[in-house]
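Below is one structure; the comments refer to it alone.
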Amino acid sequence: MIRYYASDTHRYIWYVVPKCGRTSLLYWLKKHNLIEQEKVGLSTGEPLFVKHNEYFTFSFCRNPYDRLVSTYFDKVPKQELPFYKRWKDKGFAEFANDICDMRTKKMDGHVVPQVFLIPKNLDFLGRFETLNQDIQTVTNKLFNIKFDDRHYNKSKHKHYSKYYDKALRDKVYEKYKQDFERFGYDPE
């Protein structure tokens, strides 16, 4: 499913990718009353909002290896979403292997490949790796207000590379190959 937030007042559409700074930006937008509506639609790969070509459109992407680690350490221990309960007593490697063996249609939005969540024709694509700088670019363009650089809902874990051996890295790469290629992430 493609999820986006839109504002007719400020003329923007933000296509949301879970575990790519969503909570931080959403909190900031709500705090400043700069968000008006949330829309959820089917994963068609096409923009769903009628005014996509009239508004400033943006999204954020993240290295698929890092996003998967972050999802595991955020969602599995909390057990808030039923989808993650099956890995309650499992390690990251088993979680990642299971996700890679899963059909995309069966995935939760936090692990679905980003290519299904981000339309191709955006005005701006930020990166989680430069999140504060990229959010500041968006907020300067739209509101001329400084983003407060806070990072909410940050999961605690080591650098993502510590959780992969070569076999698991290769398997995750194959599952998320389109993300690596489209968003320019190094598979190594």
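The values are calculated or read from the model by the stated rules, or taken from the named source; none is laboratory data. Everything numeric here is computed off the predicted structure, so don't read it as measured data. Cβ placement follows ideal geometry from the backbone for every residue including glycine, while neighbour counts extend to all protein chains displayed. For the accessible areas, the whole protein counts, side chains as well, though only heavy atoms, and no ligand, DNA or RNA atoms are used. Shrake-Rupley method; radii C 1.70, N 1.55, O 1.52, S 1.80 Å.
Results, tabulated for the structure shown:
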| read-out | value |
| --- | --- |
| Amide H contacts under 5 Å for Thr57, placed H, 5+ residues apart | Ile13, Asp123, Phe124 |
| Accessible area per residue, Å², the chain with all protein chains present, probe 1.4 Å | 53 |
| Fraction of accessible area attributable to carbon and sulfur, the chain (%, probe 1.4 Å) | 48 |
| Karplus-derived HN-Hα couplings along the stretch 164-171 (A = 6.51, B = -1.76, C = 1.60, θ = phi - 60°), whole Hz, x at Gly and Pro | 10, 9, 4, 4, 5, 4, 5, 5 |
| Residues whose placed amide H lies under 5 Å from that of Glu36, excluding near-sequence neighbours | Ala6 |
| Angle between the chain longest axis and helix 131-142 axis [Cα atoms, degrees, rounded to 10] | 20 |
| Spacing of the two label points (7 Å from each Cα toward its C-beta) at Phe83 and Asn53, in nm | 3.2 |
| Two-site FRET efficiency, Arg103 against Lys141, from Cβ-Cβ distance with R₀ of 30 Å, rounded to 0.05 | 0.20 |
| Ranked order, Lys158, Lys105, Lys85 - accessible area, probe 1.4 Å, largest first | Lys105, Lys158, Lys85 |
| Phi-based couplings in Hz for the stretch 183-188 (Karplus 6.51, -1.76, 1.60; Gly and Pro marked x) | 9, x, 8, 6, x, 8 |
| Solvent-free Debye scattering, log10 I(q)/I(0), computed from the Cα coordinates of the stretch 53-188 at q = 0.10, 0.12, 0.13, 0.16 Å⁻¹ | -0.37, -0.53, -0.62, -0.91 |
| Distant alpha-carbon pairs in the stretch 88-162 (separation over 14 angstrom), percent | 75 |
| When each of Lys51/Lys146; Lys19/Lys171; Lys90/Lys156; Lys75/Lys156; Lys51/Lys175; Lys120/Lys158 is checked by Cα-Cα distance, pairs over 23 Å | Lys51/Lys146; Lys51/Lys175; Lys120/Lys158 |
| Beta bridges per DSSP with both ends in the chain, % antiparallel, nearest 5 | 55 |
| Where labels lie 7 Å past Cα in the beta-carbon direction, separation of Lys156 and Thr9 in nm | 3.8 |
| Residues with amide H under 5 Å from that of Ile2, placed H, sequence gap 5 or more | Gly41, Leu42, Ser43, Thr44 |
| HN-Hα J in Hz across the stretch 10-20 - Karplus 6.51, -1.76, 1.60, θ = phi - 60°, x for Gly and Pro | 9, 6, 9, 9, 10, 7, 8, 10, x, 6, 10 |
